[in-house]
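Structure record follows, encoded as structure tokens.
The values are calculated or read from the model by the stated rules, or taken from the named source; none is laboratory data. Computed from a predicted structure; not experimentally measured. FYI the Cβ positions are ideal-geometry reconstructions off the backbone, even for glycines, and counts take in every protein chain you see. Only protein heavy atoms, including side chains, enter the accessible area calculation; ligands, DNA and RNA are left aside. Shrake-Rupley method; radii C 1.70, N 1.55, O 1.52, S 1.80 Å.
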Amino acid sequence: MTEPILELVDVEASYGPFRALFGVSLRVEPGQALAMLGPNGAGKTTIARVASGLVSASSGQVFVNGVDMTSRPTHEFAQAGVAHAPEGRSVFATFTVHENLELSFHRSLGRSGVARGLARAYDLFPLLRNRSRQLAGTLSGGEQRMLSLARVLVEQPRLLIADELSLGLAPIIVDEVYDTLAGIRASGTALLIVEQHVNHALELCDHVALLSHGEISWDGPSEGAADI
């Protein structure tokens, strides 16, 4: 039986005295796309952070590729093939697009991998090629989101965790970002999508988990989510 890329088992998590997750269990299988849907404050972003090691579970277990990663540091999740594109834009505003990408790829791919990384980034998001000499801080919100995504997608992670990709973006940019995600999934990367834009999430993902007050209230195939 194939091990899931990610498995959370009875996970609870807190921010100080505030308890954010209550006994959450979920699985992301190889090649699967799972959408986490729910209102603000439901716990979606906390699950994303636990799944990438940014927040430690206060109880329960987190497995990546069958290995217990509970309480391990974030860089070990990255080494295991988990990439996290957090909510927001996460770019160096005073660097050009090219410099942002070059710095990221030099760290992750080494000097010899920078050219390969740049070529793939510009293939994934051709618009960035036209903006390569522009300061990242002067890009539109959607262009900055593409830049932050390019920095993690080039490494072709086994699992991409993407948090609120469509937040504040123009519909045409959202379409382009989701087209890119579909291509990434087709190449073998599993997806865990945190999203409030339900239509895009349901089109991309084959499985859905609905969250409410830190608990999963329903999970199942995407086709069934429309009736919930």
- request: Have a look at segment 95-156 and give its Rg and Dmax from the Cα atoms, expressed in angstrom.
  value: 10.3, 31
task: Please report, to one decimal in angstroms, the Kirkwood hydrodynamic radius of segment 119-227 built from all distinct Cα-Cα pairs.
output: 15.0 Å
- request: Consider the candidate values (i) 17.2, 51; (ii) 21.3, 66; (iii) 18.5, 55; state which one is Rg and Dmax of the Cα atoms in Å computed from the structure displayed.
  value: (i)
Surface/4 estimate of mean projected area, convex hull on alpha-carbon atoms of segment 127-174, nm²: 3.8 nm²
- prompt: Tell me, what is the per residue accessible area of the chain in Å², probe radius 1.4 Å?
  reply: 46 Å²
message: If I fit a long axis through the Cα atoms of helix 97-109 and take the longest principal axis of the Cα atoms of the chain, what angle between them do I get, 0 to 90°, rounded to 10?
response: 60 degrees
query: Which of the trypsin sites (Lys or Arg not before Pro) across segment 116-213 are loop residues per DSSP, with 11 or fewer other Cβ within 10 Å?
result: 133
- prompt: For a paramagnetic label modelled at 7 Å from the Cα of residue 29 toward its Cβ, which residues of segment 62-80 fall within the zone defined by backbone nitrogen distances under 20 Å?
  reply: 63-67
query: Given a 1.4 Å probe and the protein chains all in place, what does the accessible area of residue 94 round to, in Å² to the nearest 10?
result: 110 Å²
task: Tell me the Kirkwood hydrodynamic radius of segment 21-146 in angstroms, computed as one over the mean inverse distance between distinct C-alpha pairs.
output: 16.8 Å
Relative contact order [Cα under 8 Å, 6+ residues apart], segment 147-200, whole percent: 52 percent
query: Got a number for carbon plus sulfur as a percent of segment 42-184's accessible area, 1.4 Å probe?
result: 51 percent
